[in-house]
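What follows draws every value from the coordinates through simple rules; no lab data is involved. Computed from a predicted model, the values in this text were never measured in an experiment. Quick reminder, even Gly has a Cβ in these numbers, built from the backbone with ideal geometry, and neighbours come from all protein chains shown.
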Amino acid sequence: MSLESAILRRLAELTKTARMWGSPEELEAVAMHFSHVLLSMRHEGWTFEQTWEHWKTHGHPFADDAEEHAAMRSKMWGADEAISRSQVVQGYLVVWTGLERQPEREAKFGPWIEGLIDFPERISTPDKLNMVLFALMGFVAADPQRYVQALNLERHRIGGHELRALPVVAPPGPSESALPYTRSFQSWAKVVEGINAVVKALS
């Protein structure tokens, strides 16, 4: 399977497992960044601003639920957004440094992943940064199981509990803050529909 075909397949898979991606905004962000790497492969000098405009032609942003997303983020980091973003960067930098990678995928995804680690503010919120890096590195990883194990170690090191997401800012160990995704989002179907439209256009 070609790399382009693998990316399109992964984009289609995202919509079939939508709710595992945290929130509608996180799902949308992951799909956009996969599409950005694909578009960058097709068009020399392609920018993320162009990807943004490409998505806007399909109705982006798709996700609604602004109050629910805000409530989720308040629970995850409250006023400590900078600390939350730093935790995400620290965790994924360690994982990326030690990650065994698929060479072909690394060649195309590596520069974008490293750019996000160096300039994490490119992604508006720590939760979306976390989910995008999780998805992109997972796609590049030669051994997905070892990748998840390495990420769990970083979650434990930073948050005191491997089940707690890196963006969560709270005292180490399990806490109510470890459950940031118990929200009532209503725009899953809208995001899935939007991503499917983008995938159809890219195919």
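Worth pointing out:
- Relative contact order for the chain, counting Cα pairs under 8 Å that sit 6 or more residues apart, in percent: 33 percent
- With the highest mean first, a sort of the peptides 60-68, 124-132 on other beta-carbon atoms found within 10 angstrom per residue produces 124-132, 60-68.
- The alpha carbon centroids of the range 1-24 and the range 66-135 are separated by 18 Å.
- Eligible lysines near K108 by straight Cα distance, threshold 26 Å, same-chain separation 8 or greater: K16, K56, K128, K200
- From its DSSP helices (H runs of at least four residues, each -39,500 (n - 2.57)), the chain gives a residue-normalised ellipticity at 222 nm of -21500 deg cm²/dmol.
- Neighbours of A141 by Cβ distance under 12 Å: Lys/Arg scored +1, Asp/Glu scored -1, total 0.
- Cα gyration tensor category, rounded, prolate or oblate, for the range 68-184 with a/c compared to 1.5: prolate
- Once the mean of 1/r is taken over each pair of separate Cα atoms and inverted, the chain shows a Kirkwood hydrodynamic radius of 17.2 Å.
- Segments 44-57, 149-162 sorted - mean Cβ within 10 Å per residue, highest first: 149-162, 44-57
- The modelled label-to-label distance between D143 and Q102, using points 7 Å beyond Cα along the C-beta direction, is 1.7 nm.
- In nm, spacing of pseudo-spin labels at R157 and L3 (7 Å Cα→C-beta vector): 2.8 nm
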